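This report concerns only the one structure given below.
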Amino acid sequence: MITEAAAIALQQELRHQVITTDMLPADIRIIAGTDVEYDKDTDLICGSIVLLDYHTREVLEVSSHTTQVTFPYIPGLFSFREMPPLLAAYGQLRREPDLIICDGQGLAHQRRFGLACHFGVTIDKPVIGCGKTRLCGSYDELPAARGSVAPLYEGGEHIGNALRTQTGINPVFVSCGHKVSLPTATDIVLAMATQYRLPETTRLADHYARIALLEYKSAQNTPPSSI
């Protein structure tokens, strides 16, 4: 297992490979969402990736992988816990997405290398970070209306945006992961948050991760056959 010091050193090395300009296809057809579910009773972790039709939001494919956690809980190093099941799930996909929204931070991270950056650089795909909570930085209060945006700053650096996806609901935190600019990332997250606070990509990936984890645990507890 990689040590905490080695993990931090790897983040600091790889963050220079992050691209913050748009390198998306002219016509986005397939968008993916990722989420990771932890089992509260064991050391199991399940990563799920859901592929959606970008225009209709139809679910095209789901891939999940459940395994044991191999890295401790250390703030700022969550990607080292969550990448193994996500990479395994990604490797099982029959189709490749044009773009991915990660349930986690991108540049809006202490070392500017959150899960969305780590995942994007590793698979060399456009990835957006969309966190439910703010990890670092500060922002001014947003208007209550859907679509309101406030820049997220840390140390004078614009590291992401607080985005209100539904009127009167707490914002999400959008940042560049890889090969997507912040304005484009913000617009896409808002477009994907059609009815709820979270984009459909994240909401559905969370749903399938929960199901996959329950199914895995159920299979593990199945009594052996007498045949």
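The values are calculated or read from the model by the stated rules, or taken from the named source; none is laboratory data. None of the values given here were measured: they were computed from a predicted structure. Glycine gets a Cβ as well: all are built from the backbone with ideal geometry, and neighbour counts include every protein chain shown. Note: accessible area is taken over every heavy atom of the protein model, side chains too, but ligands, DNA and RNA are not part of it. Shrake-Rupley method; radii C 1.70, N 1.55, O 1.52, S 1.80 Å.
Residues of segment 175-194 that are more than 27 Å from residue 14 (Cα to Cα), surrounded by fewer than 22 Cβ atoms within 10 Å (Cβ to Cβ) and out of contact with any helix residue (DSSP H, G or I) (no Cβ under 7 Å at 6 or more places or on another chain): 190, 191.
Per-residue answers, yes or no, for (1) touching a strand residue (DSSP E or B) at 6+ places or on another chain (Cβ under 7 Å); (2) buried (at least 22 other Cβ atoms within 10 Å of the Cβ):
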{"position": "129", "(1), (2)": "yes, yes"}
{"position": "136", "(1), (2)": "yes, no"}
{"position": "147", "(1), (2)": "no, no"}
{"position": "170", "(1), (2)": "no, no"}
{"position": "196", "(1), (2)": "no, no"}
{"position": "201", "(1), (2)": "yes, yes"}
{"position": "211", "(1), (2)": "no, no"}
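Pairs linking a residue in segment 205-226 that is in a helix (DSSP H, G or I) to a residue that is modelled with pLDDT of 75 or more and exposed (fewer than 10 other Cβ atoms within 10 Å of the Cβ), with Cβ atoms under 9 Å and 6 or more positions apart or on different chains, are 217/41. Is at least one residue of segment 178-199 within 20 Å of residue 76 (Cβ to Cβ) and either among the polar types (S, T, N, Q) or not in a loop (DSSP other than H, G, I, E, B) (or both)? Checked against the condition, which is being within 20 Å of residue 76 (Cβ to Cβ) and either among the polar types (S, T, N, Q) or not in a loop (DSSP other than H, G, I, E, B) (or both), segment 178-199 yields at least one hit. Considering the conditions (1) of a type outside the set (Phe, Trp, Tyr); (2) open to solvent by 30 Å² or more (accessible area, probe 1.4 Å); (3) over 15 Å from the mean Cα position of the chain (by Cα); (4) within 21 Å of residue 120 (Cα to Cα), residue 61 is excluded by exactly one of them, (2).
Condition first: charged (D, E, K, R) and either without any contact (Cβ under 8 Å) to a residue 12 or more places away in the chain or surrounded by fewer than 21 Cβ atoms within 10 Å (Cβ to Cβ) (or both). Now tell me which residues in segment 109-124 satisfy that.
In the first step, residues of segment 109-124 are kept if they are charged (D, E, K, R); the result is 111-112, 124.
Correct list: 111, 124.
In segment 40-63, the qualifying residues are those that are modelled with pLDDT of 95 or more and of a type in the set (Asp, Glu), and the one that is farthest from residue 94 (Cα to Cα) is 58.
Please find, within segment 81-106, the residue that is farthest from residue 2 (Cα to Cα) out of those that are more than 12 Å from the chain's Cα centre (by Cα) and surrounded by 23 or more Cβ atoms within 10 Å (Cβ to Cβ). Here the answer is 97.
Among the listed residues 33, 47, which satisfies the condition of being in a strand (DSSP E or B), in contact with a Ser or Thr (Cβ under 8 Å, 6 or more places away or on another chain) and under 22 Å from residue 182 (Cβ atoms)?
Working: 47 fails: under 22 Å from residue 182 (Cβ atoms).
Matching residue, one of 33, 47: 33.
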